[in-house]
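Below is one structure; the comments refer to it alone.
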Amino acid sequence: MKRQLGFFERGQVIADRYAPFHIVGVLRLENAPLPHILEKSFAELQKRHPFLAVRLMREKGRYYFTALNDPTLPVKTIPRRNDEHWIQVVETELENRIDALTGPMFRCTYLYDKTHQQAEIVLSISHAIADAVSVSHLLHELMMTCASFADMTPVSLPDLPPAPAAESCFPPAFRGWRLSLRIVRYALTQMADELLYRIRTIGKRTPPFHKPPTRGRILVARFPSDILEPFARRARREGVTLNSALNAALLLSVNRHLYAGKKLPMRTFTFADLRPYVQPPLLAENLGLYISMMRYTLDVEGEINFWPFVRKLHKKIYTSLKSGDKFIASAMSESLLKMLVALDSVRLCASVLNYN
């Protein structure tokens, strides 16, 4: 196997040079499988998914996925100390870069308590080979395979071909010269938005500065059902997604905390799943990077009415997605990251890409 990386995949490689950038997923378990069953299951999935047995190769200035001749199985088991042990492990995993040039491009830490059969699977996987949809499905497959081995029943999961680069599957209207024209128009609107944003926030933005490296932290927030259920019902009644509602809540919180509720334009980002819209559609069972990231600017002030603000943000996102901006933003991702790096906005690159 030798497959050249696509636009968004190369963007992840650029980001990873400056700050470790990969997905870290946690699966909390009761009646957890024995460690040797988990390892056996991962070995089975490594045969099924070609991207679990690849590394990056650079050749003539281009990056390729290439198959490992003898892929190792990077799974380790450590004793589970308590219910919060996984937080410390995840904080460490977020800081430790995956060596994609050596491979494999994933690793797993299994926190196992043989006394209580409680455990956490902490899966770290390169964003160049996976997105949230495929990682969720991979963990589901892992549990199915563990159950099969535990019951001593045959595992029947056929091998999958490697997913192609997302842009090779864009709809015809977003390929070739038509995509190039759309990129130019989209780039001009983004530049105009950036110029207007900078003019309107003169003296209101924190000046750029460099800090010594700091360690990321996991803050666990648990919301009771008597808050979450009415919130979800209201979002459905308003015709907005939870993603829009939570984005709006975050914007308002930051505005009140950092800017004392003053009115000013603020930025938010959202991610689009491209799998249902490419041709042919890509199923969740296929590992691959099929997402796009888009930026939106809105006027925010601390005392704004929440639900009308959510509707405004949701309309912006929905209109943008419907127009096909998700394809254009995906195709522009590599160029955008190169520009941010050239402008010494490395902290912005890492913050944006790790936003969710």
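Residues in segment 146-165 that are surrounded by fewer than 15 Cβ atoms within 10 Å (Cβ to Cβ), part of a loop (DSSP other than H, G, I, E, B) and among the small types (Gly, Ala, Ser): Ser156 alone.
Return the residues of segment 224-249 that are hydrophobic (A, V, I, L, M, F, W, C) and open to solvent by 80 Å² or more (accessible area, probe 1.4 Å); say none if nothing qualifies.
The first filter runs over segment 224-249 and keeps only residues hydrophobic (A, V, I, L, M, F, W, C), leaving 227-228, 231-232, 235, 240, 242, 245-246, 248-249.
Those that are hydrophobic (A, V, I, L, M, F, W, C) and open to solvent by 80 Å² or more (accessible area, probe 1.4 Å): Ile227, Leu228, Leu242, Leu246.
Within segment 33-49, residues that are under 18 Å from His137 (Cβ atoms) have Cβ atoms under 7 Å from residues that are of a type in the set (Ser, Thr, Tyr) and assigned to a helix (DSSP H, G or I) in these pairs: Ser41/Thr145; Glu44/Thr145; Leu45/Thr145, counting only partners at least 6 apart in sequence or on another chain.
Quick one: is Arg275 of a type in the set (D, E, K, R), at pLDDT below 90 and either closer than 27 Å to Ser136 by Cβ or buried (at least 16 other Cβ atoms within 10 Å of the Cβ) (or both)?
Working: of a type in the set (D, E, K, R): yes; at pLDDT below 90: no; either closer than 27 Å to Ser136 by Cβ or buried (at least 16 other Cβ atoms within 10 Å of the Cβ) (or both): yes.
For Arg275, the condition - of a type in the set (D, E, K, R), at pLDDT below 90 and either closer than 27 Å to Ser136 by Cβ or buried (at least 16 other Cβ atoms within 10 Å of the Cβ) (or both) - is not met.
Here Ser126 does not qualify as closer than 30 Å to Glu9 by Cβ and open to solvent by 40 Å² or more (accessible area, probe 1.4 Å).
Annotation for segment 39-52: at least one member residue is assigned to a loop (DSSP other than H, G, I, E, B), at pLDDT 95 or above and under 25 Å from the mean Cα position of the chain (by Cα).
Filtered by the rule that a residue be part of a loop (DSSP other than H, G, I, E, B), in contact (Cβ under 8 Å) with a residue 40 or more places away in the chain and either open to solvent by 20 Å² or more (accessible area, probe 1.4 Å) or within 27 Å of Ala130 (Cα to Cα) (or both), segment 295-326 gives Glu301, Glu303, Ile304, Gly324.
Would you check which residues across segment 283-294 are outside any strand (DSSP E or B) and either surrounded by fewer than 22 Cβ atoms within 10 Å (Cβ to Cβ) or at positive phi (or both) and list them?
First pass over segment 283-294, keeping only residues outside any strand (DSSP E or B): 283-290.
Correct list: Leu283, Ala284, Glu285, Asn286, Gly288.
Against the conditions (1) modelled with pLDDT under 90; (2) loosely packed, with under 11 Cβ neighbours inside 10 Å, Phe269 satisfies every one except (2).
Examine segment 253-260 for a residue that is of a type in the set (A, V, I, L, M, F, W, C) and surrounded by 15 or more Cβ atoms within 10 Å (Cβ to Cβ), and state whether such a residue exists.
First, the residues of segment 253-260 that are of a type in the set (A, V, I, L, M, F, W, C): 254, 258, 260.
Now narrow it down to the ones that are surrounded by 15 or more Cβ atoms within 10 Å (Cβ to Cβ): none.
Among the residues of segment 253-260, not one is of a type in the set (A, V, I, L, M, F, W, C) and surrounded by 15 or more Cβ atoms within 10 Å (Cβ to Cβ), which makes the answer no.
Within segment 43-74, no residue satisfies the criterion of being surrounded by fewer than 14 Cβ atoms within 10 Å (Cβ to Cβ) and in contact with a Cys (Cβ under 8 Å, 6 or more places away or on another chain).
Residues in segment 58-112 that are assigned to a strand (DSSP E or B) and farther than 28 Å from Phe8 by Cα: how many? Spell out how you get there, then give the answer.
Of all residues in segment 58-112, those assigned to a strand (DSSP E or B) come to 58-59, 62-67, 75-79, 106-112.
Right, trim to farther than 28 Å from Phe8 by Cα and you get 76-79, 110-112.
The total comes to 7.
Checking Phe65, Phe8 one by one, the residue that is within 12 Å of Ile129 (Cβ to Cβ) and modelled with pLDDT of 95 or more is Phe65 and no other.
The values are calculated or read from the model by the stated rules, or taken from the named source; none is laboratory data. Not measured: the values here are computed from a predicted model. In this analysis, Cβ positions are derived from the backbone assuming ideal geometry, glycine residues included, and neighbour counts consider all displayed protein chains. All accessible areas refer to the heavy atoms of the entire protein, side chains included, with ligands and DNA or RNA removed. Shrake-Rupley method; radii C 1.70, N 1.55, O 1.52, S 1.80 Å.
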